[in-house]
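Novice: Got a structure for you, written out below as structure tokens; questions coming shortly.
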Amino acid sequence: MTASPLCPMCETGTLTPLTFDDSFICKGKTINVQGLQGMHCTQCGADPILTEQILSNQQKIADAKRAAAGMLTSADIRQIRQTLKLSQKDCSLLLGGGPNAFSKYERGEVLQSDAMDALLYIVHKFPFTLDALRHRHNGDTVTKLVNEE
């Protein structure tokens, strides 16, 4: 069993995990996010958030913002990409957004633009549109056409 980490504030208390909810205002809308993670010091009451918790919280907040805007969530983006049998790199090459865009979208590090969200929706609903995108790139970026399967 792993020992509880020491509190970085008082350096004597131990940290115990806690889950909390929070609200944010984004573009004039209040967004409620549930299940955020943090720690609590048993000695001094400090409430630090560890690096891995920050990353998890960041994704939950990003997905709450996406949902409030009617956009695809990080899980939706990952599922669409996997359904289309594309790597993150291939998605970036075909759809744009930069070499690490899909990694960042799926981790919640960056929110996709409205245009990217619409494009993802279209290629998900109409996978044959990938053929046109491949043709636009002269077919040299990704393996086989959707109609070849």
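Rule-based calculations on the coordinates, nothing more; no lab input. Given the structure is predicted, the values throughout are model-derived calculations rather than measurements. Cβ atoms come from the backbone with ideal geometry, glycine included; neighbour counts cover every protein chain shown.
Novice: For a test of the definition: using alpha carbon positions, the gyration tensor, and the 1.5 limit on a/c, classify the stretch 10-84 as rounded, prolate or oblate. Could you put the intermediate results ahead of the total?
Specialist: Values: a/c = 4.16, a/b = 1.90, b/c = 2.19.
Oblate.
Novice: I would also like to ask the following. Anything over 23 Å Cα to Cα? Flag those among LYS60/LYS104; LYS60/LYS85; LYS65/LYS85; LYS85/LYS125; LYS29/LYS89, in the order listed. Please list the in-between numbers first.
Specialist: Numbers: LYS60/LYS104 13 Å; LYS60/LYS85 25 Å; LYS65/LYS85 27 Å; LYS85/LYS125 14 Å; LYS29/LYS89 34 Å.
Going by Cα-Cα distance, LYS60/LYS85; LYS65/LYS85; LYS29/LYS89 fall outside the 23 Å limit.
Novice: While we're here: Would you indicate which of (i) 30.3; (ii) 17.8; (iii) 15.3 is the value of Kirkwood radius over Cα pairs in Å derived from the coordinates of this structure?
Specialist: (ii)
Novice: Can you give me the Cα centroid spacing of the stretch 19-49 and the stretch 98-133 in angstrom?
Specialist: Cα centroid to Cα centroid, the span is 29 Å.
Novice: Please state the charge dipole magnitude for the stretch 74-148, taken about the Cα centre, from unit charges on C-beta atoms (+1 on K and R, -1 on D and E), reported in debye and rounded to the nearest 20.
Specialist: Values: 10 positive and 9 negative charges, 31 e Å.
For the stretch 74-148, the charge dipole is close to 160 debye.
Novice: Rounding to the nearest 10 and keeping the result within 0 to 90°, find how far the Cα-based axis of helix 74-83 lies from the longest principal axis of the chain.
Specialist: Between helix and principal axis, roughly 40 degrees.
Novice: Ranking MET9, MET39 by Cβ neighbours within 10 Å, fewest first, what do you get?
Specialist: Working: MET9 15, MET39 19.
With the sparsest Cβ surroundings first, the list reads MET9, MET39.
Novice: How would the stretch 74-148 be classified by its alpha-carbon gyration tensor: rounded, prolate or oblate, with rounded meaning a/c under 1.5 and the a/b versus b/c comparison settling the rest? Before the final figure, lay out each step's value.
Specialist: Details: a/c = 1.76, a/b = 1.53, b/c = 1.15.
It comes out prolate by the Cα gyration axes.
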